[in-house]
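> To start, I am sharing the structure in question, which I have written as structure tokens.
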Amino acid sequence: MQTSQKTTTISVAQGDGIGSEIMQAVLDIFAAARVPLEYEHIEMGKSIFDAGFSTGMTAQAKASIERNGILFKGPMETPKGSGVKSINVTARKTWSTYANKRVFRTLNGVDTVFSRANIPINLTIVRENIEDTYGGIEHMLTHDVALCRRFITRPGSLQLMRYAFEMAKRKGSKRVTCAHKANIMKITDGLFLECFREVAKDYPELRADDVIVDDLAMKLVSRPDLFDVVILPNLQGDIISDLCAGLVGGLGFAPSANIGDHISIFEAVHGTAPDIAGKGIANPTALLLSGCMMLRHLHLGESAVLIENALFASLEAGAHTADFGAPGTPALTTQAFAEVIKTHLGSKPKIVPPASFEPANDTISLPKVPARNRMMSTEAPASEIMGADFFIESTDQASLIADTLAEVCGNRYKISTISNRGTQVWPEGSVFTELINQYRVRFEKIDSGTIHQADIVALIKETSEFFKICSVELLMAYAGKKAYSMAQGQ
Ligand code: NAI
């Protein structure tokens, strides 16, 4: 069936739980479709954690992925409570797969409230995949206070936006929407939105708009057909994409691609499904569709179309595993479902439009090993230190803290605000605001002189004579514009 496509080698990790069952089904379908791929089977996940590798992968597995540039993986379990980091997140971050693309579309034969209402869904979620709270940088600042740092970066956001707009243009999308919470997180989500707007200018043919993420959640469950490509920061994207999986029939139908400039990872959105593992009843559709995303990425669009059409035709014929489909017709095992798809290779669906692909005009190459880690900085305007926020541990009232630190201020700084859990409690505030044993004290400079880091270090030293300092953030201004948020009520 396949004649003109070049053979490519990829790394394959079957994963844990239902991983081996669904991966076998998918590779069987690939073999029947004569997909021109060769596989290097590698081990990652639970067995490797259990063998004492804290990253969940061996050096050989890492070398294989870095050589081939493509990892096709089944779901993997991260041992709970052991302190080790998720192998899935580690893999996405280590290889800079900055864009997580997830496609959610109505599949004929998959009964949902929207299919019954004849509302077709074809949504692509592009989730930022590296930054945000997924930096996993967390600390207890006091015994009562936990902090998770949330990074949104300009180069990372620009990289993501470029990918999303290029992808949207290539696939003929009409609308690209940025979802965010910039009304609350004005600096972090504000930067994300700023990068979206900057890149959107280069794509005037695409309608670019934005929506607050909670509004998006409401709109998606009422009119999902109004959206096309939606870009989100990492955590919001994680939540919204599971919501979208629900819209099209559940996790068994949600494929995903983790796209990087050198290495890309293709996997289903769902996990290891321990409740059904080993029973041979898991639905391989999400992994199969992820595989088809991979084939398109590798410019093997002919193979992707052949398999997608076989899947759509099988679904139209009523084939289903236990997690979906008409209750009156018997549920097929994973392997039997795969067999039905194999027999439909060469068929086209009659109800839904057949799959198609645009021949690529660029070439796919193996990852080039960079000489060093790439630094992705943008040109910064003139910057100035305006002061610092000190996060201190104290059970005192804020007025006492202000009085105590007045002498530290001297004639260089003023304390402009003291807040508790982000709400201003001094100089103005409400006695009804309940307190936790950690305050933020904002020192801002009052003269026009330049403040150096060494001045802040001196300020830390003086303040530490009165309070335990949990952490310090510099207050920066760029091109004369303050780059820090106000306290609530300030
Ligand atoms: P899950 O996605 O494994 O299961 C949720 C529910 O969906 C279960 O009832 C399961 O039976 C069902 N389900 C999932 N995939 C299915 C399929 N292909 N066919 C039929 N039913 C399916 O989520 P859960 O239970 O929260 O996580 C289990 C494990 O998976 C955890 O160790 C988690 O860390 C891991 N996980 C791994 C991911 C990855 O490798 N990318 C992603 C999500 C979770």
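The values are calculated or read from the model by the stated rules, or taken from the named source; none is laboratory data. Predicted, not measured: the structure shown is a model, and the values here were computed from it. Counting neighbours? That spans all protein chains shown, and the Cβs are built from the backbone with ideal geometry, glycine included. Surface areas here come from the heavy atoms of the whole protein model, side chains and all, with no ligands, DNA or RNA. Shrake-Rupley method; radii C 1.70, N 1.55, O 1.52, S 1.80 Å.
> Could you list which residues have their amide H under 5 Å from that of Met185, counting only those 5 or more apart in sequence or on another chain, with H placed in the peptide plane?
Long-range HN contacts for Met185: none found.
> Still on this model: Based on the mean of other Cβ atoms within 10 Å per residue, sort peptides 146-153, 63-70 so the most packed one is first. List each step's numbers first, then the result.
On the way: 146-153: 15.4, 63-70: 19.1.
Peptide ranking by packing, descending: 63-70, 146-153.
> Each residue of region 323-335 in order: what ³J(HN,Hα) in whole Hz does its phi give by Karplus 6.51 cos²θ - 1.76 cosθ + 1.60, θ = phi - 60°, with x for Gly and Pro?
Ordered by residue, 3J(HN,Hα) equals 7, 7, x, 5, x, x, 9, x, 6, 8, 6, 4, 5 Hz.
> With just the Cα atoms of region 18-66, tell me how far they stretch along each of the three principal axes, in Å, largest first.
On the principal axes, region 18-66 reaches 38, 25, 10 Å in Cα extent.
> If you average the sequence gap of Cα pairs under 8 Å that are 6 or more apart and divide by the length of region 383-482, what percent do you get for the contact order? Could the numbers behind the result be given before it?
Details: 170 pairs, mean separation 48.4, N = 100.
Relative CO of region 383-482 lands at 48 percent.
> First compute the accessible area of region 191-349 with a 1.4 Å probe, then give the percent of it belonging to carbon and sulfur atoms.
Working: 3310 of 5690 Å².
Within region 191-349, the accessible surface is 58 percent carbon and sulfur.
> Now, a different point. What shape does region 383-482 have by the C-alpha gyration tensor, where a ≥ b ≥ c are the square roots of the eigenvalues, rounded means a/c under 1.5, and otherwise prolate means a/b greater than b/c and oblate the rest?
Working: a/c = 1.89, a/b = 1.51, b/c = 1.25.
Prolate.
> Quick one: which of 419-426, 326-333, 180-187 comes out on top by average Cβ neighbours within 10 Å, and what's the full order, highest first? Provide the component values of the computation, followed by the final result.
Working: 419-426: 19.0, 326-333: 12.6, 180-187: 16.2.
Top of the packing list down: 419-426, 180-187, 326-333.
> So what is the 222 nm mean residue ellipticity for the chain from helices alone, if each DSSP H run of at least 4 adds -39500 (n - 2.57) and you divide by all residues, rounding to the nearest 500 deg cm²/dmol?
Computed mean residue ellipticity for the chain: -10000 deg cm²/dmol.
> Run the reach check for Lys201 against lysines, Cα to Cα strictly under 18 Å, same-chain hits fewer than 8 apart removed. What comes back?
Lys169, Lys174
> Assuming a ≥ b ≥ c are the square roots of the Cα gyration tensor eigenvalues, decide whether region 286-332 counts as rounded (a/c under 1.5), prolate (otherwise, with a/b larger than b/c) or oblate.
Numbers: a/c = 5.04, a/b = 2.42, b/c = 2.09.
Prolate, because a/c is 1.5 or more and a/b exceeds b/c.
> From the Cα gyration tensor of region 1-140, with a ≥ b ≥ c the square roots of its eigenvalues, which class applies: rounded if a/c is under 1.5, or else prolate if a/b is larger than b/c, or else oblate? Don't jump to the answer; show the numbers that get you there.
On the way: a/c = 1.82, a/b = 1.19, b/c = 1.54.
Here region 1-140 falls in the oblate category.
> How large is log10 I(q)/I(0) at q = 0.09, 0.13 Å⁻¹ when the Debye formula is applied to the Cα atoms of the chain, each weighted equally and without solvent?
-0.72, -1.23
> In whole percent, and with a 1.4 Å probe on the protein chains, what portion of the accessible area of region 383-482 is carbon and sulfur? Write out the running numbers ahead of the final one.
Details: 2740 of 5380 Å².
About 51 percent, which is the carbon plus sulfur part of the accessible surface.
> Could you state the angle between the C-alpha long axis of helix 213-222 and the longest principal axis of the C-alpha atoms of the chain, as a value from 0 to 90 degrees rounded to the nearest 10?
Here the helix axis deviates by roughly 30 degrees.
> Suppose a student asked you for the relative contact order of region 1-83, using Cα pairs under 8 Å spaced at least 6 residues apart; what percent would you report? Kindly include the intermediate steps, with their values, before the conclusion.
Details: 116 pairs, mean separation 36.9, N = 83.
It comes to 44 percent, rounded to a whole number.
> Taking the Cα centre of the chain as the origin and placing charges on Cβ (Lys, Arg +1; Asp, Glu -1), which of Ser347, Leu193, His320 is farthest toward the positive end of the dipole?
Sorting the options by dipole projection puts first Ser347.
> Using the Cα centre as the reference, give the magnitude of the dipole from point charges on the C-beta atoms of the chain (Lys, Arg: +1; Asp, Glu: -1; all else neutral), rounded to the nearest 20 debye. Intermediate values should be presented prior to the final figure.
Values: 49 positive and 54 negative charges, 238 e Å.
For this selection, approximately 1140 debye.
> Rolling a 1.4 angstrom probe over the protein heavy atoms, how many square angstrom per residue are accessible across region 8-343? Numbers along the way, then the final one.
Values: 13270 Å² over 336 residues.
Dividing the accessible area of region 8-343 by its residue count gives 39 Å².
> Ok, one more. Could you list the GluC sites (Glu not before Pro) in region 435-490 that lie in coil according to DSSP, counting only those with at most 10 other Cβ atoms within 10 Å of their Cβ?
On the way: sites: Glu444, Glu462, Glu465, Glu473; in loops: Glu465.
Those satisfying the criteria are Glu465.
> Figure the gain on full extension for Thr58 and Ile460 (residue separation times 0.36 nm, minus the Cα-Cα span) and round it to one decimal in nm. Write down the numbers at each step before the final one.
On the way: separation 402, 0.36 × 402 = 144.72 nm, distance 4.39 nm.
Extra length from Thr58 to Ile460 when fully extended: 140.3 nm.
> Just the number please: accessible area per residue for region 383-482, 1.4 Å probe, all protein chains included, in Å².
Working: 5380 Å² over 100 residues.
On a per-residue basis, region 383-482 sits at 54 Å².
> Suppose a student asked you for the relative contact order of the chain, using Cα pairs under 8 Å spaced at least 6 residues apart; what percent would you report? Please report the intermediate quantities before stating the final value.
Values: 942 pairs, mean separation 77.9, N = 490.
In percent, rounded to a whole number, it is 16.
> Between region 313-367 and region 135-189, how far is it from one alpha carbon centroid to the other, in angstrom?
34
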